[in-house]
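Structure record follows, encoded as structure tokens.
The values are calculated or read from the model by the stated rules, or taken from the named source; none is laboratory data. Values in this document were obtained by computation on a predicted structure and should not be read as measured data. No Cβ is skipped: glycine too gets one built from the backbone with ideal geometry, and neighbour counts run over all protein chains shown. Note: accessible area is taken over every heavy atom of the protein model, side chains too, but ligands, DNA and RNA are not part of it. Shrake-Rupley method; radii C 1.70, N 1.55, O 1.52, S 1.80 Å.
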Amino acid sequence: MKDVTLISMSKVYERESFCRPFINSENFIDCSDIEGTNCYVDDGALSLLRHQIHNVDARGIHFIDSGNYHYLSYLFLEKIPREFELILIDKHPDCKIPMFESLMSCGGWVRTAFNELSNLKHVYMIGTDLALCYELDDLKEYRDKVTLVSSYEEIKESNLPIYLSIDKDVLDESVVDTNWDQGVMKLEELNKWINEIIKHRYLIGVDICGEADVGAEDKVHEISAQINSGLLEKFMKD
């Protein structure tokens, strides 16, 4: 799982030092000119995005811009040809019924995945805000396939491979700034969860989102870049 891909939707990565080695390489995919992608994605934009990443395997490390584009995870999940489970480290359950039923959203892509991907067997949610878990009601028939994780033991219960999706908005605002409301997790805790996952489960691939708005101050982008660099190093060792 050594391949690295950066998908630039908002041009935020161009402001982060960690991505400089990737710009102008085949690992850097600029999708910022595709319309109809911010928070919601229409069918036409989804087709264009699929075309842009058609050579990118689900196996690998994928940086997918801000949480506005977390639905990009779905495009990697649909590439997985066998039964698997998803571990979502995110403040939000991302299970909302979209305002426009025909569109997939950054806040409802997990629901879409359950509805559309038969190979997805279970979702483990780590760091999810319990006050937001009413969104799980939108899953209805899939409620028994969702675990709100409270201990390391719960992620060891299955032998299926897992895909890991991390939204940095799970982290406390004292750690990093994102463009969404944030959780209370510290970086040390996030690293512990990742270590346990890598240790006990077969990891198919991983994606990381949660960048700040592109117009944020330089220091905000540099902190996010440092976290991205640390996560990349951790997964490259796997």
Original post:
residue 169 fails exactly one of the following numbered conditions: (1) surrounded by fewer than 21 Cβ atoms within 10 Å (Cβ to Cβ); (2) at pLDDT 95 or above. What is the number of that condition?
Top reply: (1)
Subject >> Positions within the range 2-27 being surrounded by fewer than 17 Cβ atoms within 10 Å (Cβ to Cβ) and of a type outside the set (Ser, Thr, Tyr), in sequence order >> reply: 2, 3, 11, 14, 20, 21, 23, 24, 26
Original post:
Going through the range 124-175 one residue at a time, which ones are part of a helix (DSSP H, G or I), among the charged types (D, E, K, R) and more than 17 Å from the chain's Cα centre (by Cα)?
Top reply: 135, 137, 138, 140, 141, 143, 144, 145, 153, 154, 156
Subject >> Within the range 12-123, helices (runs of 4 or more DSSP H) holding 2 or more residues that are small (Gly, Ala, Ser) and more than 23 Å from residue 170 (Cα to Cα) >> reply: 43-52
**OP:** Just one of (1) more than 21 Å from residue 79 (Cα to Cα); (2) at pLDDT 95 or above; (3) open to solvent by 40 Å² or more (accessible area, probe 1.4 Å) trips up residue 176, so point out which.
**Re:** (3)
**OP:** Kindly indicate the residue of the range 185-202 that is in contact (Cβ under 8 Å) with a residue 40 or more places away in the chain and over 19 Å from residue 229 (Cβ atoms) and also most open to solvent (accessible area, probe 1.4 Å) among those meeting that condition.
**Re:** 202
Original post:
Can you find even one residue in the range 129-145 that is at pLDDT 95 or above and among the hydrophobic types (A, V, I, L, M, F, W, C)?
Top reply: no
Original post:
Considering the range 121-173 alone, what residues qualify as being among the hydroxyl-bearing types (Ser, Thr, Tyr) and out of contact with any Asp or Glu (no Cβ under 8 Å at 6 or more places or on another chain)?
Top reply: 134, 142, 150, 151
Original post:
Has the range 47-55 got at least one residue that is open to solvent by 20 Å² or more (accessible area, probe 1.4 Å), closer than 20 Å to residue 176 by Cα and touching a strand residue (DSSP E or B) at 6+ places or on another chain (Cβ under 8 Å)?
Top reply: no
**OP:** Of the conditions (1) at pLDDT 95 or above; (2) within 20 Å of residue 119 (Cα to Cα); (3) buried (at least 17 other Cβ atoms within 10 Å of the Cβ); (4) not polar (S, T, N, Q), residue 78 clears all except one; give me its number.
**Re:** (3)
**OP:** Quick one: count up the residues across the range 128-153 that are in contact with a strand residue (DSSP E or B) (Cβ under 7 Å, 6 or more places away or on another chain) and open to solvent by 40 Å² or more (accessible area, probe 1.4 Å).
**Re:** 2
**OP:** Write out, first by first residue and then by second, each pair whose Cβ atoms fall under 6 Å of each other, whose residues are 6+ apart or on separate chains, and whose first residue, in the range 219-234, is under 15 Å from residue 186 (Cα atoms) while the second is part of a helix (DSSP H, G or I).
**Re:** 228/18
Subject >> the range 215-238 - residue that is basic (Lys, Arg) and assigned to a helix (DSSP H, G or I) and, of those, most open to solvent (accessible area, probe 1.4 Å) >> reply: 219
Original post:
Out of (1) aliphatic (A, V, I, L, M); (2) open to solvent by 10 Å² or more (accessible area, probe 1.4 Å); (3) closer than 24 Å to residue 17 by Cβ; (4) part of a loop (DSSP other than H, G, I, E, B), what's the single condition that is false for residue 212?
Top reply: (2)
Original post:
Hey, does the range 28-43 have a residue that's surrounded by 13 or more Cβ atoms within 10 Å (Cβ to Cβ), charged (D, E, K, R) and at pLDDT 95 or above?
Top reply: yes
